[in-house]
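Read through the structure below, which is laid out as structure tokens, and then see the notes.
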Amino acid sequence: MCECGILVKEKIREDTFNVYIKTSRNPSTRTIGHRNCGLIFDFVEENWPKKYSSRKELKILAARFAENNKFSPEIVSKFLLEVDRLKSCGKLSDDRILVYAYQNVLKTMSEVSQYSE
């Protein structure tokens, strides 16, 4: 996820551009940048931009995330509730909240399916 709030997929050529940056591993490391805002992603050093959105902005990002990942309506509702819960808990960045919420929902869904069998 880019700091401008858009989910970036490397496979979509219209969204990204190729660039070479200096890293600790190599003076010329290939990576991608986001065309919308120009942000260059450093996957080697893991210098991720941390974005702390308002609750409303985060819900919009979560809805986009759910739409892009083709969640079922049942999972979307649980995912949005989990995002809201994690946002209330502390100072996690947006990307961490989305990842943890997704992991928690998947874990819950797998536990429910085990008990129903």
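The values are calculated or read from the model by the stated rules, or taken from the named source; none is laboratory data. Everything numeric here is computed off the predicted structure, so don't read it as measured data. Positions of Cβ are backbone-derived with ideal geometry, glycine not excepted, and every protein chain shown enters the neighbour counts. These area figures cover heavy atoms from the full protein model, side chains too; ligands, DNA and RNA do not enter into them. Shrake-Rupley method; radii C 1.70, N 1.55, O 1.52, S 1.80 Å.
Quick notes
- Qualifying residue in segment 40-47 (condition: open to solvent by 30 Å² or more (accessible area, probe 1.4 Å), among the aromatic types (Phe, Trp, Tyr) and in a helix (DSSP H, G or I)): no
- Test: residue in segment 89-105 that is of a type in the set (Gly, Ala, Ser), farther than 16 Å from residue 54 by Cβ and within 14 Å of the chain's Cα centre (by Cα): yes
- Looking at 25, 35, 64, just one residue is in contact with a strand residue (DSSP E or B) (Cβ under 8 Å, 6 or more places away or on another chain) and modelled with pLDDT under 85, and that residue is 35.
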